Amino acid sequence: MEEVKLIIAEEGSFELNQAQTFDINWDPFDDSIDDPVINNTTSSTYVAKYIRAVTEPLLVPHFGEQIMDDLFSRYAKNVATHMLKKTCKYATFILSLKLKGKSAI
């Protein structure tokens, strides 16, 4: 978080009002804190689907539509294997910024 704060300060356009970080499970339906995933196959499928939703529009122009199903099927299998080894979480940053020189509405 310190690096993010430094970049905001160096850029100079914004004032940082508040900053928080927290971890979110890879599988949005997994509400366990630090327990291993109960069903890594189902969880990895969820992860692959939402990663696909974000990355597919970037990948298709370069690699073509025809490889997407196979690519994300393989990705889901890799995620399932990884989930057996450890609890997987994303670091999430929440920032409240105010444009410098602007008054609050």
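The values are calculated or read from the model by the stated rules, or taken from the named source; none is laboratory data. Keep in mind that what you see is a predicted model, and the values were worked out from it rather than measured. Methodologically, a virtual Cβ is constructed for each residue, glycine included, from the backbone with ideal geometry; neighbour enumeration extends over all protein chains shown.
What the table shows:
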quantity: Qualifying residue in region 43-54 (condition: assigned to a loop (DSSP other than H, G, I, E, B), modelled with pLDDT of 90 or more and small (Gly, Ala, Ser)); calculated: no
quantity: Enumeration of residues in region 55-88 that are surrounded by 13 or more Cβ atoms within 10 Å (Cβ to Cβ), among the charged types (D, E, K, R) and either in a strand (DSSP E or B) or free of Cβ contacts under 8 Å to residues at least 24 places away in the same chain (or both); calculated: 56
quantity: Number of positions in region 1-28 that are outside any strand (DSSP E or B) and in contact with a helix residue (DSSP H, G or I) (Cβ under 6 Å, 6 or more places away or on another chain); calculated: 2
